[in-house]
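Step one of this worksheet: look at the structure below.
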Amino acid sequence: MSISAEPAADPSAPRIEPTADVDPRASIGDGTQVWHLAQVREHAHVGAHCVLGRGAYVGPSVIVGQNCKLQNYSLVYEPALLEDGVFIGPGAVLTNDLHPRAITVDGGLKTEDDWNMVGVIVRRGAAVGARAVCVAPVTIGRWAMVAAGSVVTRDVPDFALVAGVPAKQIGWVGRAGVKLAQQPDGSWRCPETAEIYREADGALSRVEES
C-alpha cells in the first residue's frame, strides 16, 4: 500500500502525520497511525492497526506485528522483533549493541561493519513499561509485563511480572495485565477475568476452558 502524509480517503489506509519521517521502503499496515515526529526507517515492517506515538523510533528492518502500541519517544532498534499485540511504553528502549562504543580501538568512528547487532524479541501480548530498558539479546515472553523503569538483562518467561535494576520476577500476570492471585490449590487466578493459570517447573500456562 502506498504511504501518504495526506488524510486518507480510505478509512482502512494508514494515517501518517506530515511531521512523521517514514522511509518509502518501509511497510505500514492498514489502519496504522504514525503520529508527529515518529520515524520509521528503511525496510521496517509495521503491521495493521498499530499506533506509533509522537517521537517513536522504529529502526531499519525492525518487524512490528499487528495491533501494537509504541508510545511517545519509545526507541526500538534493529533487529528487534515485536509480535502481535505488544505494548512499548513511553521512553522505553530496546537496545541492539552488547559492547557500545563510538570509535574503534584505532580511534576511527565505528560503522555498521564494526559490530554485530543483536535484537530484543517481544512475544505476543507482552508489555514493556515506561522508561524501561531491554538490553539485547533478550526475549520478553508472551503476555509478560516489564515494570516501568526496569532494566531487563535476561529472558523473561511467559506471563512473568518483572521489576527493578536488574529486573527480577516479582509475580505473575494474566492476559489482562493484572497481577495474579494464588489460590489454595496452588493455581493462579486473574482478579479481572477469572482466568485460571497453573505453574509447573517455573513456567505458567493458562488453563483452557473446556
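The values are calculated or read from the model by the stated rules, or taken from the named source; none is laboratory data. Values in this document were obtained by computation on a predicted structure and should not be read as measured data. Glycine also receives a Cβ, built like all others from the backbone with ideal geometry; neighbour counts cover every protein chain displayed.
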For CYS50, only one of the following conditions fails: (1) modelled with pLDDT of 95 or more; (2) closer than 17 Å to VAL120 by Cα. What is its number? (2)
Go through ALA148, ALA136, ALA130 for me and flag whichever is in a loop (DSSP other than H, G, I, E, B), touching a Pro at 6+ places or on another chain (Cβ under 7 Å) and either under 20 Å from VAL62 (Cα atoms) or not charged (D, E, K, R) (or both). ALA130
